[in-house]
Amino acid sequence: MRFIRHNRPLLAASAALLAVAAGCSAPADSGAGTQAPDITVFAAASLTDVIEAMDEAYDGGGRLRINLGSSAQLSGQLLSGAKADIVITADLEAMDAVREEGLTASGRVVAGNATVLALAPGNPGKVRSLADLSSEEVQTAVCAASVPCGRAAARVLESAGVALDGESREDSARAVLTKVTTGQADAGLVYQTDALSAANQGVTYVELNDPEPNQYPAALTAEGAKHEAAVRFYEWLTGEDAARIFREAGFRPPGQ
């Protein structure tokens, strides 16, 4: 489980500890004990860059405590009792598993994302289309069928009439991207935003006929709905400021 936390409160916390160690107490009006509350956000791995950008941009109060993982991992953690205020998955099916257990209070789609064919730096496999993946000489990476990027890969492959053989199966689009950027795979099926994020590493991509681009729903959990800071962040997340950050990262508007 990966957590990313701001360190802004560290100076205040250190000062408070020194005061205790010295046998002193903070003045009543010093603001001790008034740290901004944590807002626990479970987010799909394909949101790594965008959620970190949001963490930097959001100033509505509260510190983001971010858990990144595959949507299947996140929903599994929530179903096993893990606590979160907000969850964002990479497709509707992953969110449905949580919603059907009554763990969410409200939700809406915040972005869309198409599947593309990412190519390793220099395109050593000479890949030009999905059809080239059928070659035994091309090493391909895709997501496992149980996670959103795997369902997306299966969708575009079926639409193109292409069957894979001997491909590696990964637990997230970011894991597939790592295989491609490091040259362990000649090509991989990832989200467009993932391919764009690796452009500075020499990754290029081929656009595909994706008949139904993934939709990313965000939801307040039943616990988060009781948490004022989480509600404020959810309102920001579903507003125009966050929509701009999604667009800048290459995400599509909801429904596209």
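The values are calculated or read from the model by the stated rules, or taken from the named source; none is laboratory data. No experiment lies behind these values; they were computed from the predicted model shown. So basically every Cβ, Gly included, is an ideal-geometry build from the backbone, and we count neighbours across all protein chains shown.
Do we have S80 as over 25 Å from R232 (Cβ atoms), surrounded by fewer than 23 Cβ atoms within 10 Å (Cβ to Cβ) and assigned by TED's automatic domain parsing to the domain that holds L47 here? Considered against the rule, which asks whether it is over 25 Å from R232 (Cβ atoms), surrounded by fewer than 23 Cβ atoms within 10 Å (Cβ to Cβ) and assigned by TED's automatic domain parsing to the domain that holds L47, S80 comes out as yes.
With respect to the conditions (1) more than 10 Å from the chain's Cα centre (by Cα); (2) surrounded by fewer than 21 Cβ atoms within 10 Å (Cβ to Cβ); (3) within 19 Å of A249 (Cβ to Cβ), M54 lacks only one, and its number is (2). Taken across region 121-140, residues that are within 22 Å of the chain's Cα centre (by Cα) and either over 21 Å from V41 (Cβ atoms) or not assigned by TED's automatic domain parsing to the domain that holds G224 (or both) do not occur at all. Beta carbons closer than 8 Å, at least 6 apart along the sequence or on distinct chains, pair a first residue in region 222-244 that is of a type in the set (D, E, K, R) with a second that is outside any loop (DSSP other than H, G, I, E, B) for D241/A57. For the subset of region 53-90 comprising residues that are without any contact (Cβ under 8 Å) to a residue 12 or more places away in the chain and of a type in the set (D, E, K, R), which member is farthest from Q35 (Cα to Cα)? Restricting to residues being without any contact (Cβ under 8 Å) to a residue 12 or more places away in the chain and of a type in the set (D, E, K, R), the top hit is E56. Pick from region 131-157 the residues that are out of contact with any strand residue (DSSP E or B) (no Cβ under 6 Å at 6 or more places or on another chain) and among the aliphatic types (A, V, I, L, M): which of them is nearest to L74 (Cα to Cα)? Out of the qualifying residues, it is V147.
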